[in-house]
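See below for the structure under consideration.
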Amino acid sequence: MRGTIRRIPLRRRLVADLMWASEGVPLITYQRRLGLAPLAQARARLTSPPGFAAIIAKAFALVAREQPVLRTLVMDFPWSHFYELPRCVGVIAIARQIDGEDCVLAQKVVAPDELSLACVDGLIREAQSAPVEEVPMFRKMMRISALPWPLRRFIWWGGLSLARQRANYFGSFGLSSVSAIGAGDLYPISPGPYMLSFGRLDEDGGLDMVIRFDHRLIDAAPIARIMTRLEQVLNTAITSELQAMQRGPAAAKPPVRAVGA
């Protein structure tokens, strides 16, 4: 059958490069249903509550503050070793439609545990609506995607092989979800050591949570304990901040950092 040759758009080229970079990471999946009734009640009282991407990102970063393994990268160059970061770097998948075409881009948030929920949410919402060229992470990745294949592979290799650059490009954890569109499980892959995904919050406060982790770095039993701790943080520290947001801006923690460029 005779078809039509079409050029691969830059945005699909970016996803193809990301899938190539993710091939060597042996991700194992752990899924659990979290009970988040206190958080759900506090969030429901807000007129404009922060999205769950911001909530999960900050909660995971708070747990990672206690657990260095959650901000550790697995490196293979120039020899196999672990590289521990002083702070978390979250990479949030952002669904966009550009020129009538659906695509996924990534927003980087440095140390979400040091930011207010409103700030983390604002960074994510800005990435969802701002022009692509005005978001530093988007602009950087699109410029790389416009390069010829050999140069792209060399830059991606550097981003994967140099520890500091790997944190800058891929973060210490990723977050992707389609819960805003409808129910369903998502098991994404990533070059990073941890990839989080979540479903829709039920009326009883139940939330299905998925974490994919690099088995070279951590085992399933510690991940199960980390998920328990994540549930506790969501129902305590994050719930308290949501309650403070209800009382007014003066009671909430002010933003202290912006997104990493």
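Mind jotting down the distance between the C-alpha centroids of region 40-110 and region 154-206, whole Å?
7 Å
Tell me the label only: which of (i) 12.5; (ii) 16.7; (iii) 15.6 is mean projected area of the Cα convex hull in nm² as calculated from this structure?
Answer by label: (iii).
Show that you can apply the helix-only estimate: for the chain, add -39,500 (n - 2.57) for every DSSP H stretch of four or more residues, divide by all residues, and state [θ] at 222 nm to the nearest 500. Please list the in-between numbers first.
Numbers: 9 runs with 103 residues, N = 261.
Computed ellipticity for the chain at 222 nm equals -12000 deg cm²/dmol.
Under a Cβ-Cβ cut-off of 10 Å, what is the net charge of the residues other than residue 101 that fall near it, where Lys and Arg count +1 and Asp and Glu count -1? Could the numbers behind the result be given before it?
Working: positive: 11, 12, 96; negative: 99, 102.
Net local charge, residue 101 excluded: +1.
Residues in region 85-100 near a label at residue 164, defined as backbone nitrogen under 18 Å from the 7 Å Cα→Cβ point?
Inside the label zone: 85-89.
Hey, can you grab everything whose amide H is under 5 Å from the amide H of residue 174? Only 5+ residues off in sequence or another chain; H modelled, so Pro and N-termini drop out.
Sorted by chain and number, the residues that satisfy this are 91, 194, 195, 196.
Among the chymotrypsin sites (Phe, Trp or Tyr not before Pro) in region 59-93, which ones are in a DSSP loop with at most 11 other Cβ atoms within 10 Å of the Cβ? Mind listing them?
Working: sites: 60, 79, 82, 83; in loops: 79.
Within region 59-93, the qualifying chymotrypsin sites (Phe, Trp or Tyr not before Pro) (loop, at most 11 other Cβ atoms within 10 Å) are 79.
On a full-extension model of 0.36 nm per residue, what is the gain between residue 6 and residue 140, subtracting their alpha-carbon distance, rounded to one decimal in nm? Let's see the in-between values first.
Working: separation 134, 0.36 × 134 = 48.24 nm, distance 2.46 nm.
Fully extending the segment from residue 6 to residue 140 adds 45.8 nm.
On full extension of the chain, what length is gained from residue 202 through residue 95, given 0.36 nm per residue of separation minus the C-alpha to C-alpha distance?
Values: separation 107, 0.36 × 107 = 38.52 nm, distance 2.28 nm.
Extra length available between residue 202 and residue 95 comes to 36.2 nm.
Most exposed first by the Cβ proxy, i.e. fewest other Cβ within 10 Å, how do 108, 58 rank? Provide the component values of the computation, followed by the final result.
Working: 108 24, 58 28.
Ordered by Cβ neighbours within 10 Å, fewest first: 108, 58.
Can you compute the FRET efficiency between residue 32 and residue 236 using 1/(1 + (r/R0)^6), with r the Cβ-Cβ distance and R0 = 25 Å? Round to the nearest 0.05.
Numbers: r = 18 Å, r/R0 = 0.72.
Efficiency at R0 = 25 Å is approximately 0.90.
None of the figures in this text is laboratory data; all of them are computed from the coordinates on show. From a predicted model like this one, the values you see are computed outputs, not experimental measurements. Positions of Cβ are generated from backbone atoms using ideal geometry, with glycine treated the same way; all protein chains shown enter the neighbour counts.
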